[in-house]
1. Could you state the angle between the C-alpha long axis of helix 18-33 and the longest principal axis of the C-alpha atoms of the chain, as a value from 0 to 90 degrees rounded to the nearest 10?
2. Could you calculate the contour length gain from residue 91 to residue 14, that is, 0.36 nm times the residue separation minus the distance between their Cα atoms, to one decimal place in nm?
3. Quick check: the angle from helix 104-116's long axis to the longest principal axis of the chain, C-alpha only, nearest 10 degrees?
4. At 20 °C and a viscosity of 1.002 mPa s, what translational diffusion coefficient does Stokes-Einstein give for the chain, taking Rh as the Kirkwood radius over Cα pairs? Give it in µm²/s as a whole number.
5. For a quick size check, give me the Cα extents of segment 18-62 along its three principal axes, largest first, whole Å.
6. Could you work out how far the C-alpha centroid of segment 138-197 sits from that of segment 205-279, in angstrom?
7. Full extension from residue 220 to residue 241: what is 0.36 nm times the residue separation minus their Cα-Cα distance, to one decimal in nm?
8. Given C-alpha coordinates of segment 221-261, what is the ratio Rg to Rh with the Kirkwood estimate of Rh?
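Coordinate-derived values only; no laboratory data. All values reported here derive from a predicted model rather than from experimental measurement. When we count neighbours, we look across all protein chains shown, and the Cβ atoms used for this are built from the backbone with ideal geometry, even at glycine.
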Ligand SMILES: C[S@@+](CC[C@H](N)C(=O)[O-])C[C@H]1O[C@@H](n2cnc3c(N)ncnc32)[C@H](O)[C@@H]1O
């Protein structure tokens with residue numbers, strides 16, 4: 001039996017999607033069974049399953065439109081930032097990690113959604129180092145605008161310094177503070193958004209959604225896109241295997257599914273990307 005390639009290279013993000021985690025399980029199983037006397041047909045099927053799953057993300061990367069140099073720079077710098085040390089030293093107020101970054105395939109998907117609906121006003125809830133914000137800003141017209149919510153001052157200034165390197169960075173306004181406070185303040189201003197991307201505190205997803213839907217923040221033809229709605233597969237695995245965040249996401253998925261004001265689908269892209277439209 002062939003041994004699976006070793007993915008334990010330094011500084012690579014750990015698997016945080018259902019697909020990545022499944023590939024990791026298969027790698028381990030294949031390595032454990034490498035010298036075991038298992039039927040060759042079983043080994044063949046295991047190897048085929050591994051190849052099908054392990055090859056998918058690299059193929060998506062290879063075939064999607066390449067990211068702009070500014071987006072590639074955000075990804076690269078986020079990967080090399082010592083996030084744990086920054087938190088230990090008190091520079092970040094929250095424990096942040098490189099795995100939070102949405103990345104090329106999700107960024108390119110968001111960019112295409114923004115083009116498809118010709119969005120002019122976008123709200124990015126949970127900016128981190130700015131990948132989703134800049135990807136969407138790249139698809140906005142020159143007079144379009146994006147407000148990005150972030151609670152961590154270190155992440156906010158990290159992103160802002162990188163936005164300055166992009167011709168689209170000037171479309172982005174960063175709002176520092178807890179997202180729910182920002183949403184309530186924006187709602188009072190009464191200017192609705194065409195497109196909202198939710199990617200902040202998983203345990204507040206239901207509140208973000210209800211605020212958007214109830215306060216006039218989402219325009220009548222508006223769309224909401226929500227990240228991590230498969231939460232590493234925990235939302236469909238037995239409840240005993242769910243973290244508090246996964247339980248919150250499972251509840252969020254139920255709330256949206258039961259809301260007659262919208263239609264929605266979870267795209268199995270990365271860690272699950274829900275697309276919601278007001279009907
Ligand atoms: C998963 S990351 C966002 C990733 C980003 N959208 C991207 O494309 O790379 C979540 C971010 O939300 C921020 N966050 C968490 N809770 C928040 C809150 N209550 N208000 C505002 N930002 C919050 C975190 O500090 C973190 O930077």
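1. 10 degrees
2. Working: separation 77, 0.36 × 77 = 27.72 nm, distance 2.31 nm.
So the extension gain works out to 25.4 nm.
3. 40 degrees
4. Values: Rh = 20.0 Å.
Stokes-Einstein gives a translational diffusion coefficient of 107 µm²/s.
5. Extents along the principal axes: 36, 17, 14 Å.
6. 21 Å
7. Working: separation 21, 0.36 × 21 = 7.56 nm, distance 3.80 nm.
Gain in length upon complete extension: 3.8 nm.
8. Working: Rg = 11.4 Å, Rh = 11.0 Å.
Across segment 221-261, the Cα-based Rg/Rh ratio is 1.03.
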